[in-house]
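Structure first, then comments.
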Amino acid sequence: MPEVLKAPLVVEFPFTRSLGPVQSAFLTGLRERVVLGVRTGDGRILVPPVEYDPVTSEEVGELVEVAATGTVTTWAWNHEPRRGQPLDRAFAWVLVRLDGADTALLHALDAPGGPDSVRTGMRVRVRWARERSGAITDIACFEPHEAHEPGGADEPAAHDGRFENPVTGIVAPARLDYTYSPGRAQSAYLHALTERRVVGERCPSCRKVYVPPRGACPTCGVATSERVDVGPRGTVTTYCIVNIKAKNLDIEVPYVYAHIALDGADLALHGRIGGIPYDRVRMGLRVEPVWPDGGGHPDHYRPTGEPDADYETYKELL
Amino acid sequence: MPAPRPLRDIAVVAFAQTDHRRTSDELSEVEMLMPVLHEVLAQTGLKTGEVGFTCSGSTDYLAGRAFSFTMALDGVGAWPPISESHVEMDGAWALYEAWTKLLTGDADTALVYAYGKSSPGSVRDVLTRQLDPYYLAPLWPDSVALAALQAQALIDAGHTDEPALAAVASRSRASAAGNPHAQLRGPVPRGGYAVRPLRTGDCPPVGDGAAAVILAAGERARELCERPAWIRGIDHRIEAHGLGVRDLTDSPSTRLAAERAGVFERPVDTAELHAPFSSQEVVLRKALRLDDGVTVNPSGGALAANPVMAAGLVRIGEAADRIRRGESDRALAHATSGPCLQQNLVAVLEGDPR
């Protein structure tokens, strides 16, 4: 069995998210070094604030300002920070109940004294990020704050939540790294392409040949294992004319994108048709692959010059 | 208030799972899943076309591919067309959907399957993407870190300590010695801290796997299985997504789901708990009021094999198998989803009186 292929796969998205009135006030507040909470119907103050009371589901929106100091309610020592986490040296994850709040906020605690310097109940304060944009990361982290002060006794002051240039949305970039492996069947297909061959797999039950093979017959739900060379020539079963130029794609429009039934296959695959004016492409046109240098999928398919295939020979593959 | 009795008698009549492994590079998702589907169907003699409803659980984030469940459907044989649905959750929730479908009378049998290949990515990081995108996800708190915060809260509250957590892990893996499908079996070192106070031994193995269950209603269940595992009640509940809003030392959603599923009406003899971290078993035992008379996780539980998205369905399948083999008369199965036991499903399974 040929070696199963593997390749790095990075999935990366900048998610653009809009904020409601409460989250907008909270995140804009962080930019201005102000921490806001929201008061629920029964008088609790939620920090970070939300728009609906998680207990009663009542809409809430009465903002109050709480302190930038607080108490650790639980913690966990993270000796090996991972990509994207707030600090790049060992730190403690903490839930912090800020003075004036009834719920706790999750963040990082910079504790140069190591895990032995951290305990539940310890006093901490916000360390603001030098550059702030209106995001939870405007709090760079928390830091120990052992000074004794009255904090917590005062009723948090009401805040109208209004700031100049409020933040109404955030861009939350997400990136996940994978090592992708396509599995046995698709690895064999990709290996064959490097030799300018196209292989499919035959279903032991219905005898259909699938290309590209995915290891299973979607009709019978059984493994396909008998490898079959198909093509390289095939027949255009149906097509469309593309008039919109795709970004980063160096193909002049209009061009034709077609379903091509390779000889010996029972499923048509997709491909671009070249070497013929776009308005001369037709159902039944006989085509062959044009291979790129260095292997991989055919760059496109071009006419072979054979007579067109009879409709009866490919009507089941439309 | 006693839990309402379901409108129809519905049972788990078959269960199959893969051997759960650290990697399965040589197999695509559908290639990993297919043998399990064939096995569970073979147990009943049913063919795909004879199953009334099909429902699956999985997540695209594990493989990094959109709509990956549609590819997995190739393993079912969806022609002629079948009645099918999918949940982006553990397969236990797919089973819940199938159960409601059977309750309506629209179908008499259902195939439920779930799978997860964690090996292509880093599941600790992948799971951060299920968190609140405004306040949590930008900080990338990984699943082990969040469980560790919960573990420390339990230690501070005096509910457990590190040796007790180690004992949970050790008992689970000793039990798994009898489970040929488990990924970690027998003595497993406590290991160093992953995120303190949790050690590697307190954390689940990362692995790939799949599971499938067949449900059947009424007489159909008796035809397909000698001793069906009747679902006497099933319920699932969720808590606030804000971790700092919740009491992490308790699981009121599990307790409420258990109450609504009828767990507390009579004692159970077996409990299959979906507790990926040793500390979470402490929380669940308390929420479910399980005493030492209950056999907890005889399969080894999620500490022995944690195929993400299938581990909860495996709990239901393992509990049902105990009943089908006559080793249990009334079993509890639990599944969880989200950070620190945020969402919980509880089912009560019973065999016919002997």
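What follows draws every value from the coordinates through simple rules; no lab data is involved. Here the structure is a predicted model, which means the values were calculated and not measured. Because the Cβ atoms are built from the backbone with ideal geometry, glycine has one as well, and the counts that use them run over all protein chains shown.
Taking the C-alpha atoms only, the angle from helix A:21-31 to the longest principal axis of chain A is near 70 degrees. Binning the C-alpha pair distances of region A:1-145 at 5 Å intervals from 0 yields a P(r) profile of 2, 10, 16, 18, 17, 14, 9, 6, 3, 2, 2, 1, 1, 0 %, listed from the shortest bin outward. Could you state the angle between the C-alpha long axis of helix B:162-175 and the longest principal axis of the C-alpha atoms of chain B, as a value from 0 to 90 degrees rounded to the nearest 10? Rounded to the nearest ten degrees, it is 30.
Only alpha carbons enter this Debye calculation for chain A, each as an equal point scatterer, and the log10 of I(q)/I(0) it gives at q = 0.09, 0.11 Å⁻¹ is -0.71, -0.78. Across all directions, the average flat footprint of the convex hull enclosing the Cα atoms of the protein assembly as shown is 34.0 nm². Based on every Cα atom in chain B, Rg and the maximum pairwise Cα distance Dmax equal 18.9, 58 Å. Around the amide H of A:Val256, modelled in the peptide plane, lie the amide H atoms of A:Val242, A:Ile273, all under 5 Å away and 5 or more residues distant in sequence or on another chain. For region B:22-76, a Kirkwood radius taken over Cα pairs fed into Stokes-Einstein (10 °C, viscosity 1.306 mPa s) yields D = 128 µm²/s. Placing one equal scatterer on every Cα of region B:195-268 and applying the Debye formula, the log10 ratio I(q)/I(0) at q = 0.23, 0.27, 0.28 Å⁻¹ is -1.08, -1.12, -1.13. Computed on the Cα trace of region A:260-313, the radius of gyration divided by the Kirkwood hydrodynamic radius gives Rg/Rh = 0.96. Taking 7 Å steps out from each Cα toward its Cβ at B:Ala157 and B:Arg22 produces label points 3.5 nm apart.
Please report, in cubic angstrom per residue, the volume enclosed by the convex hull of the alpha-carbon atoms of region B:305-354.
In region B:305-354, the Cα hull volume divided by residue count equals 71 Å³.
How would you classify region A:11-89 from its alpha-carbon gyration tensor, with a ≥ b ≥ c the square roots of the eigenvalues: rounded for a/c under 1.5, else prolate if a/b is greater than b/c, otherwise oblate? Prolate, since a/c reaches 1.5 and a/b exceeds b/c.
What's the FRET efficiency of A:His270 with B:Ala174 using the Cβ-Cβ distance as r and R₀ = 51 Å, to the nearest 0.05?
0.45
For the protein assembly as shown, a simple Cβ point-charge model (Lys and Arg +1, Asp and Glu -1, everything else neutral) yields a dipole of about 920 debye relative to the Cα centre. Convex hull volume per residue, computed on the Cα atoms of region B:91-216, equals 169 Å³. May I ask you to list the lysines whose Cα is less than 24 Å away from that of A:Lys315, ignoring any residue fewer than eight positions away on the same chain? Candidates past the 8-residue exclusion: A:Lys208. First obtain the Kirkwood hydrodynamic radius of region B:233-354 from its Cα pairs, then insert it into the Stokes-Einstein equation at 37 °C and 0.692 mPa s, and state the resulting D in µm² per second as a whole number. The estimated diffusion coefficient comes to 232 µm²/s. Report the percentage of all Cα-Cα pairs in region A:82-201 whose separation exceeds 24 Å, rounded to a whole percent. Of all Cα-Cα pairs in region A:82-201, 53 percent lie more than 24 Å apart. Applied to region A:46-62, the Karplus parametrisation 6.51 cos²θ - 1.76 cosθ + 1.60 on θ = phi - 60° returns per-residue 3J(HN,Hα) values of 9, 9, x, x, 10, 8, 10, 4, x, 8, 9, 6, 5, 5, 10, x, 7 Hz, with x for Gly and Pro. Of all aspartates and glutamates in the structure, the ones whose alpha carbon falls short of 15 Å from that of B:Lys101, not counting any fewer than 8 places away in one chain, are B:Asp9, B:Glu84, B:Asp235.
Value of Rg to Rh for region B:15-133, rounded to two decimals, is 0.98; Kirkwood radius and Rg both from alpha-carbon coordinates.
Put simply, the C-alpha atoms of region B:57-98 give a gyration tensor, and the ellipsoid matching it has half-axes of 18, 15, 6 Å, longest first.
How much length would be gained if the chain were fully extended between A:Arg44 and A:Asp308, taking 0.36 nm per residue of separation minus their Cα-Cα distance, in nm to one decimal? It would help to have the intermediate numbers written out before the result.
Numbers: separation 264, 0.36 × 264 = 95.04 nm, distance 7.70 nm.
Result for the pair: 87.3 nm of gain on full extension.
Largest first, the three principal axis extents of the alpha carbons in region A:178-318 are 42, 41, 25 Å in whole numbers. The distance separating the Cα centre of region A:264-296 from that of region A:93-125 comes to 63 Å. Across all C-alpha atoms in region A:62-134, the radius of gyration and Dmax reach 12.8, 39 Å. Applying 0.36 nm per residue to the separation of A:Tyr278 and A:Arg82 and subtracting their alpha-carbon distance, the gain on full extension is 65.4 nm.
Between the beta carbons of A:Leu318 and B:Ser85, assuming R0 = 35 Å, the FRET efficiency works out to 0.75 to the nearest 0.05. Taken along its principal axes, the alpha carbon cloud of region B:1-45 reaches lengths of 50, 29, 15 Å, longest axis first.
Determine the distance separating the Cα centre of region A:47-65 from the Cα centre of region B:181-212; give it in Å without decimals. Taking the Cα centre of each part, region A:47-65 and region B:181-212 sit 38 Å apart. To the nearest ten degrees, helix B:278-287 and the longest principal axis of the Cα atoms of chain B are 70 degrees apart.
Distance distribution note for region B:243-282: the fraction of Cα pairs above 17 angstrom is 42%. Between A:Glu12 and A:Glu143, the FRET efficiency estimated from the beta carbon spacing at R0 = 30 angstrom works out to 0.40.
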